[in-house]
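A short worksheet on the structure shown next.
The values are calculated or read from the model by the stated rules, or taken from the named source; none is laboratory data. All of these numbers come straight from a predicted model, not from anything done at the bench. Cβ placement follows ideal geometry from the backbone for every residue including glycine, while neighbour counts extend to all protein chains displayed. What goes into the accessible areas is simple: the full protein's heavy atoms, side chains included, and nothing from ligands, DNA or RNA. Shrake-Rupley method; radii C 1.70, N 1.55, O 1.52, S 1.80 Å.
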Amino acid sequence: MSLKLGAHVEQNDPLAEAADRGAEVVQFFLGDPQDYKAPKVAYADGAEALKVRAEAEGIDLFVHAPYRLNVATLNNRIRIPSRKLLQQTLDKAAEIGAKGVIVHGGHVGEDDDPEAGFDNWRKCIERADLPVPLLIENTAGGENAMARKLERMARLWDAVQSSGNEHVDRVGFCLDTCHFHAAGEDLPTVVERVVAITGRIDLVHANGSRDAFGSGADRHSNFEEGEIDPAEIVAVVKAADAPVVVETPNGDHGQKADIDYLRAHLK
């Protein structure tokens, strides 16, 4: 089985970090993941050089949107800058030739109607320019999350598909193994159930989980140190048949070991 395998890396020189890990895919941020500042390319030689060199080396680039983004919320002071920053991230990702931008599904307030959050997603996609694919990622916790449980994911997907955006086919799905485990969704059947909703899986985040099934905790672990049987992670990767980004800790040794584990067990 030949799948592109890689890792989440630091943004200053993602190609060097790809070489260190033997990665064919890298994911990184374009700026600080915890604020609303406009994205920027940290690579010293600039966006065009990164694009050209990545293509020459056969490295696929993915960009993770900032964690602070929440386009679902009813809070205007968060939702409006989130939409703006998401569009800026999509545009900047296009400059480096990224294969996609990953964004978390977000949430509404504890006492808010989740239907309003789904409709905010519809409005976001309706107004978005999508120069590169936008991949919505399932999340680990939060009772009013848009993409924690599969029944919510189905409602979110229906809302997105009804947006009327002519490029809605560029909205895809990123499956995170740790997040589904933490959300209480069984991994052995999750790919089949996701595809029944979305029709696609565009990227897999292959992560162990520090915490127990259904914990709601978004804490990644290396494969052989966590609460998920590594064989289940391999099975998800095989079934999804999509590029893989490992987001586990200890990039200089543990993360590389996890990539090597996948490579050895996907043969």
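In the context of the full protein assembly, residue 227 retains an accessible surface of approximately 110 Å², using a probe radius of 1.4 Å and ignoring ligands and nucleic acids. With both residues required to sit in the stretch 113-252, DSSP beta bridges show an antiparallel share near 15%.
Defining a contact as two alpha carbons under 8 Å apart and six or more residues distant in sequence, what relative contact order in percent does the chain show?
With pairs under 8 Å counted, the relative contact order is 17 percent.
At a probe radius of 1.4 angstrom, the accessible area of the stretch 115-267 per residue rounds to 40 square angstrom.
Prolate is the label for the stretch 60-128. Its Cα gyration tensor axes, ordered a ≥ b ≥ c, give a/c of at least 1.5 and a/b above b/c. Rounded to the nearest 500, the 222 nm mean residue ellipticity of the chain from helices alone is -12000 deg cm²/dmol, with -39,500 (n - 2.57) taken per DSSP H run of at least 4 residues.
At 1.4 Å probe size, with the rest of the protein present, what percent of the exposed accessible area of the chain is carbon and sulfur atoms?
Its accessible area is 45 percent carbon and sulfur atoms.
Here the 3J(HN,Hα) profile of the stretch 227-240, calculated from phi with Karplus coefficients 6.51, -1.76 and 1.60 at θ = phi - 60°, is 8, 9, 4, x, 4, 5, 5, 4, 5, 5, 4, 4, 5, 6 Hz, Gly and Pro shown as x. Based on protein heavy atoms only, the stretch 15-57 ends up with 50 Å² per residue of surface accessible to a 1.4 Å probe.
For the chain, the calculated P(r), taken from all Cα-Cα distances in 10 Å bins from zero up to the bin holding the longest distance, is 7, 32, 38, 21, 2, 0 percent.
Rounded to the nearest Hz, the phi-derived 3J(HN,Hα) couplings of the stretch 73-79 under the Karplus curve 6.51 cos²θ - 1.76 cosθ + 1.60 (θ = phi - 60°) are 4, 8, 7, 4, 6, 9, 5, where x marks glycine and proline. Rounded to the nearest Hz, the phi-derived 3J(HN,Hα) couplings of the stretch 154-169 under the Karplus curve 6.51 cos²θ - 1.76 cosθ + 1.60 (θ = phi - 60°) are 5, 6, 5, 5, 4, 5, 4, 5, 8, 5, x, 5, 5, 10, 4, 5, where x marks glycine and proline.
Loop-located GluC sites (Glu not before Pro) across the stretch 94-179 with a Cβ neighbour count of 13 or fewer within 10 Å are 110, 143, 166, with loop assigned by DSSP.
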